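Readers should treat all values here as calculations from the given coordinates under stated rules, not as data from a laboratory. It should be emphasised that the depicted structure is a prediction, and the values quoted were computed from it without experimental measurement. Quick reminder, even Gly has a Cβ in these numbers, built from the backbone with ideal geometry, and neighbours come from all protein chains shown.
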Amino acid sequence: MRSHEPVRQVTLWSGEKIWAVSRYRDVRTVLTDERFSADITREGFPLMRPSVGLAFRSMGRRNFMRMDGPEHIRLRKMVAQDFNAKSVERWRPDIEKLTEDIISRLLAAGKSFDLVSEIAEQVPTRVVCWVLGIPERDQSYFRGLTQRYMSLQSTPEETRHVVESLIGYLDQLIDVKREQPADDMLSRLVHEHMLPGDLNQEDLNATARLILVAGHESSVSMISMGTLALLEHEDKWEALRRDPSQLPQAIEELLRYLTVVHQTTVRVTTEDIEVGGVLIPAGQGVIALTSSANRDGSFFTSPDTIDWERERLRQHFAFGYGPHHCLGHLLAKLELQVVFASLLRTMPGLRLTVPSDQLNFKSDQSITGVARLPVTW
C-alpha cells in the first residue's frame, strides 16, 4: 500500500500494525460510527505510546472518554453542565482580570518575556483549577505532573508514578469536598452524584484527572502556537488589531489550521467495516488523523492558508467530533478570546525576539507546542 493513500496501515512503536485514516469524510466516519470503539479495555485498542497506555491498563482505571455507549453518556452528562455556555460565560470576568493582571505586570517590567511560561501556561492552569476547585497553592504542582504525563519520553514507570500521585491527591481533595463543599465542579459531583451513590469515587477521580490534564494542556499550546501563527502572518495580526470583533472566527480558523491535539482520536473496530474503500477487519486499531483531515483540500478550500472568512469555518476536528467531542471546547475558546484580545489591545506591536526557525518545538509531547516563545512589544 502506497504511503500517500488516505486509509493505510502504519506501524506503532510496539511493532503493532494499525490503520491510519486521513481524509476528512473518512475521519468523520471513524469518529461517529459506533463500530469504532473508544474503549481502551477492548482487545486490539492501540496504545500510541508505551508509557500512558501500559500504566493506564495496569492500574485498571479509565475515564469516560475511553468508554462507549450508555456508560460514556451517563458519566459525560454528570460533567456536561459545568461546560455549557452559561457555566463557561460566568468565568469570563475572572479570566479577563487574571489576564489583565499578568499583562500589566509584564508591561510594568518593561522587558521582553517568554509568552509560554508567563501567559500561555498561567491562564489555562489557573482556570482549570478554579473549575475543579483545586487550591491555588497546588497549581504549580499539577503543572509539573501534567507535563511529565504528556511527555513522550516518560517511561511507563514514570507515568505510573505521575498517575498514582494525581490519584492520591485527588482522593484527598474529594474527602475535603465531602466535608467542606465549595462552589466548584468537584464539590458538586461529590454531593450530587457520589454521595447519593450513582458515581463511585474511582470514576470521579478519573473524571477529575481527565479534566485536569485535557483541560489545560491543549489550551497552553493553542495560546502559544496561535500567537506564533498570527505573528508570522502580520496581515492577520493587523486585521485583528483593527477589528477585534473578528476574533471568534479567527480562533475557529486557528484551531483548524494548527490542530495541536493529534494523538487522542484512536479507536478499535468492533466488526468488519469499510472506510474509504478499504475493509478494516474487526479488532483492528485505528487512528483518525484529525490534523490531516483539517488540511484536506477536497473539503477545505486552500487548507494551508489562514482564512477566517472561508466556508465550513466551524466544521473542523480540533476538538474531535461525534459523541466524544471535547466537553471543554467553549471554555478553551473563551480563554483564547480573552488572551488574544488582551494582547492585541495592550501589546499591538508584539513581535518575536528571535527568528521563528530558532524556536524549539515540543517534539517530546503528544500535543504540538513550542517550548518557549520569546517576545517583546
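Determine, for T376, T29, the number of other Cβ atoms within 10 Å of each Cβ, and report the residues in order from fewest to most.
Details: T376 13, T29 20.
The order, fewest Cβ neighbours first, is T376, T29.
Between amide H atoms placed 1.01 Å from N, distances below 5 Å from L313 occur with no residue 5 or more places distant or on a separate chain.
From the Cα gyration tensor of segment 235-377, with a ≥ b ≥ c the square roots of its eigenvalues, which class applies: rounded if a/c is under 1.5, or else prolate if a/b is larger than b/c, or else oblate? Walk me through the numbers before you get to the answer.
Values: a/c = 2.30, a/b = 1.85, b/c = 1.25.
Judged from the Cα gyration tensor, segment 235-377 comes out prolate (a/c at least 1.5, a/b above b/c).
Roughly how far apart, in whole Å, are the Cα centres of segment 113-135 and segment 252-300? Rounded to whole Å, the Cα centres lie 30 Å apart. Residues whose amide H comes within less than 5 Å of that of R372, counting only those at least five positions distant or on another chain, are N360 (H built at 1.01 Å from N in the peptide plane). Listed by Cβ neighbour count within 10 Å, with the fewest neighbours leading, T301, T269, T346 appear as T301, T346, T269. One equal scatterer on each Cα of segment 278-318, no solvent, Debye formula: the resulting log10 I(q)/I(0) at q = 0.15, 0.17, 0.24, 0.26 Å⁻¹ is -0.47, -0.55, -0.82, -0.90. Once a ≥ b ≥ c are taken as the square roots of the eigenvalues of the Cα gyration tensor of segment 169-276, is the result rounded (a/c under 1.5), prolate (a/b larger than b/c) or oblate (a/b not larger than b/c)? Because a/c hits 1.5 or more and a/b fails to exceed b/c, segment 169-276 counts as oblate.
Shown here for segment 279-377: GluC sites (Glu not before Pro) in loop regions (DSSP other than H, G, I, E, B) with at most 13 other Cβ atoms within 10 Å, namely E309, E311.
What is the Cα radius of gyration of the chain over 2.2 N^0.38 Å, N being its residue count?
Values: Rg = 20.8 Å, N = 377, 2.2 N^0.38 = 21.0 Å.
It is 0.99.
Binning all Cα-Cα separations of segment 61-206 at 10 Å, short to long from zero, yields these whole-percent fractions: 9, 32, 36, 18, 4, 0.
If you keep only loop residues by DSSP, which chymotrypsin sites (Phe, Trp or Tyr not before Pro) in segment 63-116 have at most 16 other Cβ atoms within 10 Å of their Cβ?
Details: sites: F64, F83, W91, F113; in loops: W91.
Nothing satisfies the criteria.
Excluding D101 itself, what net charge comes from residues whose Cβ is under 11 Å from its Cβ, given Lys and Arg +1 and Asp and Glu -1? Could you put the intermediate results ahead of the total?
Working: positive: K97, R105, R126; negative: D94, E96, E100.
Every neighbour counted, the sum reads 0.
Fewest to most neighbouring Cβ within 10 Å: what's the order for E217, E100?
Details: E217 25, E100 14.
Starting with the residue having the fewest Cβ neighbours, the order is E100, E217.
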